[in-house]
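**Q** Sending over a structure as structure tokens; questions will come in a sec.
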Amino acid sequence: MIIGIPKEIKTLENRVAMTPGAVETLARRGHAVLVETGAGLGSGLTDEQYAAAGAKLVGAAEAWGADMVIKVKEPIACEYKYLRKGLLLFTYLHLAADRALTDALLASGVAGVAYETVQLRDGTLPLLVPMSEVAGRMAPQVGAHALEKSQGGRGVLLGGVPGVPQASVVVVGAGVVGSNAAKIAVGMGAQVTVLDVNHARLQYLDDIYQGRIVTSASNEANIRKAVTYADLVIGAVLIPGAKAPHLVTRDMLPTMKEGSVIVDVAVDQGGCVETIKATTHAAPTYVIDGVVHYGVANMPGAVPRTSTYALCNQTLPYALKLAANGLGALRLDPALAAGLNTVDGKLTYAGVAEAFGLELTPLAAVLA
Ligand SMILES: NC(=O)c1ccc[n+]([C@@H]2O[C@H](COP(=O)([O-])OP(=O)(O)OC[C@H]3O[C@@H](n4cnc5c(N)ncnc54)[C@H](O)[C@@H]3O)[C@@H](O)[C@H]2O)c1
């Protein structure tokens, strides 16, 4: 198969879909890989590295002319011209939030396999996990920075020093983001409290941290109490397919310490903090009632060298199946089949059909 890796052109997007190592794996299996010139530079990967791995360096149009295009972000308007019937597009699509792209994919007949809907039998979303791991591990790091006096924070060091107590970190949600945030906060020496409604998650953390962190059932009373002693609150809640519930409410802010910090990682689903709004890496924080809010919706974008490898590690096995079998791979792997959102002008993902009131073609009908 001919595989295209275009350069990501969305604002401030520095990741690239495939590393030179992944390109080499594809090339060794007999696939021709077309990498757009400069595609890896934002992640510190040079054209020479791609060429040495067996890629042909090409312009955007040639990369998009491949049988399968592998990307990171969804196509933006100026890329719609490349969409065509017979093209297999493997990338994050997030169609339920993007009517224009949904229409463009349907009108063109592209087979769109979305990273975010590839789903294992146990319900986990393996191609979302790596970015949650990155964002979760970044949360205490950006929170610690925001706590510095010069950044508007209270001026406390997360780990304290001998003779001076450490800061208190409260993590709401103990899934992938929350447990990774807790791990790094513990590593930085903070006092860590984790809240979740899922008792199994709390049991797991309680078992592995052996008393080093406090676990707490997530309910209004416990959250209300925890935010009063927190120096840093990390929002990490997800209710799949729904907006995040507002668990830290506006009326709690005056009860928080002056200069304390909220990092709401769940901001991409509306946030679990009532007063959070999406911010950018260029201007990541703002203050309400003396509390510093951080709401960057694409946190992994700040660490593209890590994020590119983390994403590619997880996408490559699926990319190999698609490259070897084309759309036939969907019959071989139900997880990958769940990723199909559009094909031949048909919409095959229920969540997107519901979001826009469009006709749904059952996956089974397409696979048959
Ligand atoms: N900002 C970013 O750059 C970025 C990056 C990656 C992920 N995210 C977002 O972070 C959020 C968390 O993702 P995840 O991968 O950790 O999800 P996850 O499903 O692994 O974990 C979510 C956790 O929230 C818990 N939860 C649900 N309701 C709760 C409640 N009322 N109180 C406390 N906990 C509750 C669940 O039990 C679960 O353990 C998602 O919205 C995701 O999109 C944002």
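**Q** Look at the stretch 224-246 and say how many of its residues are crowded, with 16+ Cβ neighbours inside 10 Å and more than 24 Å from LEU125 (Cα to Cα).
**A** 6
**Q** Looking for whichever is more than 18 Å from the chain's Cα centre (by Cα) and farther than 14 Å from VAL263 by Cβ here; the options are GLY152, GLY189, GLY175, GLY123. Which one fits?
**A** Numbers: GLY152 fails: farther than 14 Å from VAL263 by Cβ; GLY175 fails: more than 18 Å from the chain's Cα centre (by Cα); GLY123 fails: more than 18 Å from the chain's Cα centre (by Cα).
Testing whether each residue is more than 18 Å from the chain's Cα centre (by Cα) and farther than 14 Å from VAL263 by Cβ leaves just GLY189.
**Q** Given the residues LEU360, LEU367, which is the only one that is of a type outside the set (Val, Ile, Thr) and modelled with pLDDT of 95 or more?
**A** Numbers: LEU367 fails: modelled with pLDDT of 95 or more.
Selected residue: LEU360, the only one of LEU360, LEU367 that is of a type outside the set (Val, Ile, Thr) and modelled with pLDDT of 95 or more.
**Q** For the stretch 156-168, state whether one or more residues are buried (at least 19 other Cβ atoms within 10 Å of the Cβ) and either within 15 Å of the ligand (Cβ to nearest atom) or not hydrophobic (A, V, I, L, M, F, W, C) (or both). Spell out how you get there, then give the answer.
**A** Going residue by residue through the stretch 156-168, those that are buried (at least 19 other Cβ atoms within 10 Å of the Cβ) are 156, 158, 167-168.
Subset that is either within 15 Å of the ligand (Cβ to nearest atom) or not hydrophobic (A, V, I, L, M, F, W, C) (or both): 168.
Within the stretch 156-168, one or more residues are buried (at least 19 other Cβ atoms within 10 Å of the Cβ) and either within 15 Å of the ligand (Cβ to nearest atom) or not hydrophobic (A, V, I, L, M, F, W, C) (or both).
**Q** In the stretch 248-273, which residues are hydrophobic (A, V, I, L, M, F, W, C), open to solvent by less than 10 Å² (accessible area, probe 1.4 Å) and under 20 Å from the mean Cα position of the chain (by Cα)?
**A** Here is the first cut: in the stretch 248-273, the residues hydrophobic (A, V, I, L, M, F, W, C) are 248, 252-253, 256, 261-263, 265-267, 272-273.
Right, trim to open to solvent by less than 10 Å² (accessible area, probe 1.4 Å) and you get 248, 252-253, 261-263, 266, 272-273.
Hits for the stretch 248-273 are ILE262, VAL263, ALA266, CYS272, VAL273.
**Q** All but one of (1) in contact with a Leu (Cβ under 8 Å, 6 or more places away or on another chain); (2) of a type in the set (A, V, I, L, M); (3) assigned to a helix (DSSP H, G or I) hold for LEU158, so report the exception by its number.
**A** Unmet for LEU158, out of (1) in contact with a Leu (Cβ under 8 Å, 6 or more places away or on another chain); (2) of a type in the set (A, V, I, L, M); (3) assigned to a helix (DSSP H, G or I): (3).
**Q** I would also like to ask the following. I need a count of the residues in the stretch 244-268 that are near the ligand (Cβ under 10 Å from one of its atoms) and either part of a helix (DSSP H, G or I) or in contact with a Leu (Cβ under 8 Å, 6 or more places away or on another chain) (or both).
**A** The total comes to 6.
**Q** Name the one entry in VAL267, VAL303 that is within 29 Å of LEU41 (Cα to Cα) and modelled with pLDDT under 95. Steps first, please.
**A** Values: VAL303 fails: modelled with pLDDT under 95.
It is VAL267.
**Q** Residues of the stretch 274-287 being surrounded by fewer than 19 Cβ atoms within 10 Å (Cβ to Cβ) and away from the ligand (no atom under 13 Å from the Cβ), which ones? Even if it seems obvious, please write down each step before you answer.
**A** Let us first name the residues in the stretch 274-287 that are surrounded by fewer than 19 Cβ atoms within 10 Å (Cβ to Cβ), namely 274, 277-283, 286-287.
Correct list: GLU274, ALA282, ALA283, TYR286, VAL287.
**Q** With touching a strand residue (DSSP E or B) at 6+ places or on another chain (Cβ under 7 Å) and in a loop (DSSP other than H, G, I, E, B) as the only criterion, which of LEU125, LEU93 stands out? Spell out the reasoning first.
**A** Numbers: LEU125 fails: touching a strand residue (DSSP E or B) at 6+ places or on another chain (Cβ under 7 Å).
From the options LEU125, LEU93, the qualifying one is LEU93.
**Q** Test LYS81 against the stated conditions and say whether it is of a type outside the set (Val, Ile, Thr), in a helix (DSSP H, G or I) and in the same structural domain as LEU330 (by TED's automatic domain parsing).
**A** On the way: of a type outside the set (Val, Ile, Thr): yes; in a helix (DSSP H, G or I): yes; in the same structural domain as LEU330 (by TED's automatic domain parsing): yes.
Considered against the rule, which asks whether it is of a type outside the set (Val, Ile, Thr), in a helix (DSSP H, G or I) and in the same structural domain as LEU330 (by TED's automatic domain parsing), LYS81 comes out as yes.
**Q** Also, I was wondering about something else. If I ask for residues that are surrounded by 13 or more Cβ atoms within 10 Å (Cβ to Cβ), in a helix (DSSP H, G or I) and within 13 Å of the ligand (Cβ to nearest atom), which ones from the stretch 204-223 would you list?
**A** Hits for the stretch 204-223 are TYR204, LEU205, ASN222, ILE223.
**Q** I need a count of the residues in the stretch 288-311 that are open to solvent by 20 Å² or more (accessible area, probe 1.4 Å), within 13 Å of the ligand (Cβ to nearest atom) and outside any helix (DSSP H, G or I).
**A** 3
**Q** Related question: Quick check, is ALA55 touching a helix residue (DSSP H, G or I) at 6+ places or on another chain (Cβ under 8 Å) and crowded, with 20+ Cβ neighbours inside 10 Å? Talk me through it step by step, then tell me what you get.
**A** Details: touching a helix residue (DSSP H, G or I) at 6+ places or on another chain (Cβ under 8 Å): yes; crowded, with 20+ Cβ neighbours inside 10 Å: yes.
Criteria met by ALA55.
**Q** Another question about this same structure. Look through the stretch 103-122, keep the residues that are more than 26 Å from VAL303 (Cβ to Cβ) and either of a type in the set (A, V, I, L, M, F, W, C) or in a strand (DSSP E or B) (or both), and return whichever of them is nearest to the ligand (Cβ to nearest atom).
**A** GLY112
**Q** Out of the residues in the stretch 230-247 that are within 22 Å of the chain's Cα centre (by Cα) and at pLDDT 95 or above, which is farthest from SER218 (Cα to Cα)? Lay out the reasoning, then the answer.
**A** So in the stretch 230-247, the residues within 22 Å of the chain's Cα centre (by Cα) come out as 232-247.
Next, from what is left, pick out any that are at pLDDT 95 or above: 232-237, 246-247.
Working: LEU232: 17, VAL233: 14, ILE234: 13, GLY235: 12, ALA236: 12, VAL237: 10, HIS246: 12, LEU247: 9 Å.
Ranking the candidates gives LEU232 first.
**Q** Is at least one residue of the stretch 352-362 touching a strand residue (DSSP E or B) at 6+ places or on another chain (Cβ under 7 Å), assigned to a helix (DSSP H, G or I) and buried (at least 18 other Cβ atoms within 10 Å of the Cβ)? Please lay out each step first, then the result.
**A** From the stretch 352-362, those touching a strand residue (DSSP E or B) at 6+ places or on another chain (Cβ under 7 Å) are 352-353, 358-361; that's our starting set.
Checking the rest, the ones that are also assigned to a helix (DSSP H, G or I) come to 352-353.
So of that shortlist, the ones also buried (at least 18 other Cβ atoms within 10 Å of the Cβ) come out as 352-353.
Within the stretch 352-362, one or more residues are touching a strand residue (DSSP E or B) at 6+ places or on another chain (Cβ under 7 Å), assigned to a helix (DSSP H, G or I) and buried (at least 18 other Cβ atoms within 10 Å of the Cβ).
The values are calculated or read from the model by the stated rules, or taken from the named source; none is laboratory data. None of these values were measured; they are calculated from a predicted model. We place every Cβ from the backbone using ideal geometry, glycine too, and count neighbours over all the protein chains shown. Protein only, heavy atoms only, side chains kept; ligands, DNA and RNA dropped before computing areas. Shrake-Rupley method; radii C 1.70, N 1.55, O 1.52, S 1.80 Å.
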